[in-house]
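Here the structure comes first, spelled out in structure tokens, and everything after it is commentary.
The values are calculated or read from the model by the stated rules, or taken from the named source; none is laboratory data. Since the model is a prediction, treat every value here as computed from it, not as a measurement. Cβ placement follows ideal geometry from the backbone for every residue including glycine, while neighbour counts extend to all protein chains displayed.
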Amino acid sequence: MTLLRVATTLCLIFSLMGCSGNKNQEKPEGLRLLEFNGCLACHSLDGTTNIGPSLKGVFRSEVVVISNDEKKTITADREYMKRAILHPEADIVEGFQAGMPTNFMTQLGEKNTNTILDYLESIGKK
């Protein structure tokens, strides 16, 4: 087998395995969506407080929110996280101001929202 043929075969195998060497393809789709839609401009993934609360470890955690001018503690389950993305004005995390864009329902759609939720859930396991 010639060197060119071996290299071509290896490239094909790696491409089929999703290991093409393109760093952007190595990122989980949920992370790519968070970056593309500007979510990480206000929310961190490393626990750092920013304009918005960090998304690190938020799944299944207790979150204090202001909802209808009433302070309450809720569990950040998938239903809450979806509502926080699609209807951010419904529950404001204590210590933060309302201000998240409200167009994500039309901008993201159901499939992309679920992809983001899957990603956040995967990094949120303690």
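General remarks:
- Test: residue in region 105-120 that is surrounded by fewer than 16 Cβ atoms within 10 Å (Cβ to Cβ), modelled with pLDDT of 95 or more, among the hydrophobic types (A, V, I, L, M, F, W, C) and over 12 Å from the mean Cα position of the chain (by Cα): no
- Scanning region 50-81 for residues that are of a type in the set (V, I, T), under 21 Å from T102 (Cα atoms) and loosely packed, with under 15 Cβ neighbours inside 10 Å gives I51, V64.
- Close pairs (7 angstrom Cβ cut-off, 6 or more residues apart or separate chains): aromatic (F, W, Y) in region 98-124, in a helix (DSSP H, G or I) anywhere: F104/I85; F104/L86; Y119/G30; Y119/L31
- Residues of region 85-98 satisfying the condition of being under 24 Å from D118 (Cα atoms) and not acidic (D, E): I85, L86, H87, P88, A90, I92, V93
- Leading residue by the ranking (surrounded by the fewest Cβ atoms within 10 Å (Cβ to Cβ)) among those in region 84-94 that are out of contact with any Phe, Trp or Tyr (no Cβ under 8 Å at 6 or more places or on another chain) and without any contact (Cβ under 8 Å) to a residue 40 or more places away in the chain: E89
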